[in-house]
C-alpha cells in the first residue's frame, strides 16, 4: 500500500559464486574445444547440459544458489533484529513478512512449448528473471492466482519495481523478463566519472540516506552508471512480458 516501508536486499552468492564461475571456466574452456565452437571470448565457454562437465557446472551453480538464499535469509533476520531493537517491539509483532525471494543469473530446468511441442529444457537467465503467468504450477500457492512476483531493483538514486509474470512471457521469452536496468558505465569508468563529486551529498539532497564501505563501492554504483530503470520497466510492461504492480522509492541505501 502507498507509504509502506519495504526492504529490498539485493545480493547472492558473492565470492563463492565468483569462485564457481572461475573454476567452471577452467574445465569448460577445455571441453568446448571438443565441440568445435570458435568462441570470441573465453567466458562464453559452455557445455551440453547432459554431459559430465555440464552437470558438474549445474550442480556447482545450484550450490551457489542455495548459499545465496541462505545469505539473504541472514540479512532478513538481521534486518528484523535491528527494527525490533529500534522500535522496542518483539520480532513477531513487527509484521515484517517476506514478500518474495527470487534468483536471477541462474539456469533452471523447465517445461516450455517449442514449435508446438512441450519440451523439458534448461533456461539460463543472465540479467533476467522468471516471469511465469497466473496459474503456472511453478508459482507458489500464495501468488499462483496473480502470477510470479518479479523484483526489478533500481540504482541508489532511482526507484525499484515490483511486477508480475504474464502468459505472453511464456510464449515469447521462455517465461523471462529483465532483472535490472543494466549498466552504461563499467565499474572502472564509473569510478573515473565520479572523481571530484560528492555522491553522498548528492543523494542526501534527494532525501536518500546512504551508508557504504569504501569510496570505490559508492562510485561504482553511482546512479549515472545505469540505464533509466523507469524506461526499462515501461518497455517490458508495454511488451507484455511482465506487468507493473508497485513502485518503490529509495529513502535509504546500504552498499557493502
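The values are calculated or read from the model by the stated rules, or taken from the named source; none is laboratory data. Just so it is clear, the structure is predicted and the values come from calculations on it, not from any experiment. Every residue, glycine among them, receives a Cβ derived from its backbone with ideal geometry; neighbour counts consider all protein chains shown.
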(request) Identify the single condition in (1) buried (at least 16 other Cβ atoms within 10 Å of the Cβ); (2) more than 30 Å from residue 161 (Cα to Cα) that residue 67 does not satisfy, given that it satisfies every other one. (result) (2)
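Listed here are the residues, each with its yes/no results for (1) on the phi > 0 side of the Ramachandran plot; (2) at pLDDT 95 or above; (3) assigned to a strand (DSSP E or B); (4) within 23 Å of the chain's Cα centre (by Cα).
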{"position": "58", "(1), (2), (3), (4)": "no, yes, no, yes"}
{"position": "75", "(1), (2), (3), (4)": "no, no, no, yes"}
{"position": "80", "(1), (2), (3), (4)": "no, no, no, yes"}
{"position": "89", "(1), (2), (3), (4)": "no, no, no, no"}
{"position": "97", "(1), (2), (3), (4)": "no, no, no, yes"}
(message) Please pick out the residue among 167, 200, 231 that is out of contact with any strand residue (DSSP E or B) (no Cβ under 8 Å at 6 or more places or on another chain), under 21 Å from residue 249 (Cα atoms) and modelled with pLDDT of 90 or more.
(response) 231
(request) Only residues that are at pLDDT below 95 and more than 12 Å from the chain's Cα centre (by Cα): list them for region 174-183, please. (result) 183
(message) Criterion first (at pLDDT 90 or above, part of a loop (DSSP other than H, G, I, E, B) and surrounded by 11 or more Cβ atoms within 10 Å (Cβ to Cβ)) does residue 20 satisfy it?
(response) no
